[in-house]
Amino acid sequence: MLRLFECKAPSGPPLNVQVFPLSARSLQVTFTAPKIESRNGRILGYYVGYKAQEIDEHFMFKKISINEFENVINQQKEVKLTELKRSTKYAVIVQAFNRYFVTLFKFF
């Protein structure tokens, strides 16, 4: 008997996303995993994207991998974005991914 399973990306975004200034050229992004029912499997990591709002440029991404021992249900994750431009507003997105795909992003 052959069974086919639908494999899909997390259907919900990371939760509790917050962005804090650390200095004139750095930000700290904190967040927790998507709701369990929207993960569609084990979360393997996150992409944190950022770009200057006033400039027409693409998002730069940092990949954060999660090993199986770190995959605690509501553990807060932290990412530092450094070497940013002074006096510039940034758009930040956080995307979760599993072994199949990347979720829709949370935009801040």
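Values quoted throughout were computed directly from the atomic coordinates according to the rules given, and no laboratory measurement underlies them. Since the model is a prediction, treat every value here as computed from it, not as a measurement. Heads up, the Cβs are rebuilt from the backbone with ideal geometry, glycines too, and the neighbour counts pull from every protein chain shown.
Peptides 47-56, 77-86, ordered by how many other C-beta atoms sit within 10 Å of their residues on average, highest first, read 47-56, 77-86. Over all Cα atoms in segment 15-107, the spread is summed up by Rg and Dmax: 13.7, 40 Å. Put simply, the amide H of Leu15, placed in the peptide plane, has neighbours under 5 Å in Thr32, Ala33, leaving out anything fewer than 5 places away on its chain.
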